[in-house]
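For reference, the structure discussed in these notes is given below.
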Amino acid sequence: MSSQLWQGSLGGNFSDCPNGTQWVWDVFSECAQDSRDIASVVLGLVSIVCFAASSFTQYYQACKTGIMDQALSIYFLLGWLGGDSLNLIGSFLADQLPLQVYTAIYYVLADLLMLSFYLYYKIKNQSRGFSAPINAIFAFAFVGTVSATSLLGRPASPVWESTLTFKGRTLLFATVDKSGWEPFTKKEIIGFSIGSLSSLLYLVSRVPQIYTNFRRKSTKGISYSLFALVMLGNALYGMSVLLKNPDPGQSEGNYVLHHVPWLIGSLGVLSLDVVISFQFLAYRKKSPRNLEEREALLDKQDESLES
């Protein structure tokens, strides 16, 4: 269904991908047979770069302002982490494109680091007298996270490799009828359901952040590049999935149906990110200090009128 085959799975090799691109197969174990498939891979890679860059801009903004715990909603971060975690699980179960799986793994790691930054500044701002011990604790936590990430990046064992499978174009694993309809397997139905829940969490997670910005009447402490690059990354991610050729005999409509939750999770949140972008424009000249000065001037005017 996903038009892919992981190398080492059920004896797959490049001969299973006629007219395929060698470097795409070697690097991503993905069968790219024409310019449309290659464009899909390239857009997927660029989307990962956008997502990575968006996270680093927020990390920098957090270190610069030190108010990340006030600027970002904890429910936004938790919703993001929950959505990305379910996205990763659903991508595996529903046999999504390899680049979708790689992107989902990065999502989860970036979310954990973002949440760590939030908790760090939350504790530090509430316990300024204990900043040194807090710094030490989070330094150890950071080292542990990096170590765990390196372990995850090691090659899988032969037993695991023999069970991790993405369907290839030329392997007759999936049955496609004459109308181009490829039925869902039980495993894919579970993955599809989890992916749908992930998309719902993505959509809902934006609401607390929109409310937090509205309540503060400020976006100070938030990097606009975070949302701008996420918007670009989501758009490229969705285009990457749509550009991929369906399996031989599979209709375009059936291919899109198999990827609907992930398309909603990427393209659907763009509308809510646009709302946050408008908040940046509306509040860019309004800092908390300016608001306090304005309120002080209004109080003085009221006193002068009463006298």
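Looking at the range 55-82, which of its residues are β-branched (Val, Ile, Thr) and within 14 Å of residue 209 (Cβ to Cβ)?
Keep residues of the range 55-82 that are β-branched (Val, Ile, Thr), which gives 57, 65, 67, 74.
Passing the criteria: only 74.
Restricting to the range 65-98, give me the number of residues that are touching a strand residue (DSSP E or B) at 6+ places or on another chain (Cβ under 7 Å) and either assigned to a helix (DSSP H, G or I) or among the polar types (S, T, N, Q) (or both). Spell out the reasoning first.
If we filter the range 65-98 for residues that are touching a strand residue (DSSP E or B) at 6+ places or on another chain (Cβ under 7 Å), which is where we start, we get 97-98.
Pick out the ones that are also either assigned to a helix (DSSP H, G or I) or among the polar types (S, T, N, Q) (or both) and you get 98.
Total satisfying the criteria: 1.
Assess whether residue 149 counts as being assigned to a helix (DSSP H, G or I), under 28 Å from residue 261 (Cβ atoms) and modelled with pLDDT under 50.
Working: assigned to a helix (DSSP H, G or I): yes; under 28 Å from residue 261 (Cβ atoms): yes; modelled with pLDDT under 50: yes.
Against the criterion (assigned to a helix (DSSP H, G or I), under 28 Å from residue 261 (Cβ atoms) and modelled with pLDDT under 50), residue 149 qualifies.
Evaluate the following for residue 45: is it part of a helix (DSSP H, G or I), over 21 Å from residue 114 (Cβ atoms) and at pLDDT 85 or above? Give the derivation first.
Working: part of a helix (DSSP H, G or I): yes; over 21 Å from residue 114 (Cβ atoms): yes; at pLDDT 85 or above: yes.
The answer is yes for residue 45.
Considering only the range 60-74, I want to know if a residue exists there that is surrounded by 17 or more Cβ atoms within 10 Å (Cβ to Cβ), under 30 Å from residue 120 (Cβ atoms) and under 15 Å from the mean Cα position of the chain (by Cα).
No: the range 60-74 contains no residue that is surrounded by 17 or more Cβ atoms within 10 Å (Cβ to Cβ), under 30 Å from residue 120 (Cβ atoms) and under 15 Å from the mean Cα position of the chain (by Cα).
All but one of (1) modelled with pLDDT of 85 or more; (2) basic (Lys, Arg); (3) touching a Ser or Thr at 6+ places or on another chain (Cβ under 7 Å) hold for residue 217, so report the exception by its number.
(3)
Do you know which of the residues in the range 242-272 that are charged (D, E, K, R) and buried (at least 20 other Cβ atoms within 10 Å of the Cβ) is modelled with the highest pLDDT?
Filtering first and then ranking leaves 244.
Mind checking which pairs have a first residue in the range 224-237 that is more than 24 Å from residue 41 (Cβ to Cβ) and a second that is in a helix (DSSP H, G or I) and among the polar types (S, T, N, Q), Cβ under 7 Å, 6 or more apart or different chains?
What qualifies is 225/54; 225/57; 226/54; 226/57; 226/58; 227/277.
Listed here are the residues, each with its yes/no results for (1) within 19 Å of residue 30 (Cβ to Cβ); (2) acidic (Asp, Glu); (3) out of contact with any Phe, Trp or Tyr (no Cβ under 9 Å at 6 or more places or on another chain).
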| site | (1), (2), (3) |
| --- | --- |
| 69 | no, yes, no |
| 79 | no, no, no |
| 84 | no, yes, no |
| 88 | yes, no, no |
| 94 | yes, no, no |
| 98 | yes, no, no |
| 103 | yes, no, no |
| 106 | yes, no, no |
| 112 | no, no, yes |
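Given the conditions (1) buried (at least 20 other Cβ atoms within 10 Å of the Cβ); (2) more than 22 Å from residue 252 (Cβ to Cβ); (3) at pLDDT 90 or above; (4) of a type outside the set (Lys, Arg), and given that residue 80 satisfies all but one, which numbered condition is not satisfied?
Unmet condition: (3).
Yes/no per residue for (1) more than 29 Å from residue 24 (Cα to Cα); (2) in contact with a Lys or Arg (Cβ under 6 Å, 6 or more places away or on another chain); (3) not acidic (Asp, Glu):
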site: 225; (1), (2), (3): yes, no, yes
site: 229; (1), (2), (3): no, no, yes
site: 232; (1), (2), (3): no, no, yes
site: 236; (1), (2), (3): no, no, yes
site: 246; (1), (2), (3): no, no, yes
site: 249; (1), (2), (3): no, no, yes
site: 252; (1), (2), (3): no, no, no
site: 255; (1), (2), (3): no, no, yes
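Looking only at residues in the range 201-241 that are among the aromatic types (Phe, Trp, Tyr) and under 12 Å from residue 54 (Cα atoms), which one is farthest from the chain's Cα centre (by Cα)?
Of the residues in the range 201-241, the ones among the aromatic types (Phe, Trp, Tyr) are 202, 211, 214, 224, 227, 237.
Narrowing the set further to residues that are under 12 Å from residue 54 (Cα atoms) leaves 224, 227.
Details: 224: 16, 227: 11 Å.
Applying the filter and picking the extreme gives 224.
The values are calculated or read from the model by the stated rules, or taken from the named source; none is laboratory data. These numbers were taken from a predicted model, which means no experiment stands behind them. Here the Cβ is made from the backbone with ideal geometry for all residues, glycine too, and neighbour counts use every protein chain on show.
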